[in-house]
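> Starting off with a structure, shown below.
The values are calculated or read from the model by the stated rules, or taken from the named source; none is laboratory data. Nothing here was measured: the structure is a model prediction, and the numbers come from that model. Quick reminder, even Gly has a Cβ in these numbers, built from the backbone with ideal geometry, and neighbours come from all protein chains shown.
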Amino acid sequence: MKTRDVVEKTRATVLVPGDMERDLTGAISGDLLSFIMAEAMEGWLWITIQVHLNVAAVAVLKDVPFILVASGRAPEQALIERCAAEGITLAVTRFSAFDAAAALQEVAR
């Protein structure tokens with residue numbers, strides 16, 4: 001699936017576009033940063049409700065190109081700026097993390 005597919009299926013608002021044509025090789029959903037650091041793989045989408053700067057640091061560490069913030073939470077300005085500087089797509093969806101993942105089931109196959 002491509003970044004643009006995720007945006008479309010989750011009706012997300014893009015705050016930082018990054019590479020909208022990037023192929024995503026998997027996805028992970030979680031809010032515990034240590035879990036994401038242990039389990040996320042390069043090229044994956046990350047669905048979270050965390051909105052602080054440390055989210056970008058973990059995404060950079062794991063080469064995660066797309067952070068999708070669920071439940072309509074508003075990312076801190078520092079997170080937006082860091083994602084822009086690192087070329088990480090950052091978007092927000094009103095969907096819960098569960099509903100966002102469910103919406104992506106069809107495009108992930």
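> On the phi > 0 side of the Ramachandran plot and among the small types (Gly, Ala, Ser), is that true of SER96?
no
> Give the residue that is surrounded by the fewest Cβ atoms within 10 Å (Cβ to Cβ), with candidates limited to residues of segment 1-16 that are more than 11 Å from the chain's Cα centre (by Cα) and part of a loop (DSSP other than H, G, I, E, B).
Selected residue: ARG11.
> From the list ALA38, ALA85, ALA70, exactly one residue is modelled with pLDDT of 95 or more, exposed (fewer than 12 other Cβ atoms within 10 Å of the Cβ) and under 26 Å from VAL107 (Cα atoms). Which is it?
So the residue among ALA38, ALA85, ALA70 that is modelled with pLDDT of 95 or more, exposed (fewer than 12 other Cβ atoms within 10 Å of the Cβ) and under 26 Å from VAL107 (Cα atoms) is ALA38.
> Turning to a different aspect of this structure: Taking the residues in segment 17-27 that are without any contact (Cβ under 8 Å) to a residue 24 or more places away in the chain and either outside any loop (DSSP other than H, G, I, E, B) or touching a Lys or Arg at 6+ places or on another chain (Cβ under 9 Å) (or both) as candidates, determine which candidate is nearest to SER71 (Cα to Cα).
So the residue we want is GLY26.
> May I pose another question? Residues that are acidic (Asp, Glu) and under 21 Å from LYS2 (Cα atoms): which helices (runs of 4 or more DSSP H) entirely in segment 28-109 hold 1 or more of them?
Those helices (runs of 4 or more DSSP H) span 33-39, 77-86, 97-104.
> Right, here's the next one. Listed residues ASP19, ASP63; which is surrounded by fewer than 15 Cβ atoms within 10 Å (Cβ to Cβ) and touching a strand residue (DSSP E or B) at 6+ places or on another chain (Cβ under 8 Å)?
Answer to the selection: ASP19.
> Mind checking which residues of segment 32-55 are closer than 21 Å to PHE95 by Cα, without any contact (Cβ under 8 Å) to a residue 40 or more places away in the chain and out of contact with any Phe, Trp or Tyr (no Cβ under 9 Å at 6 or more places or on another chain)?
LEU32, LEU33, GLN50, VAL51, HIS52
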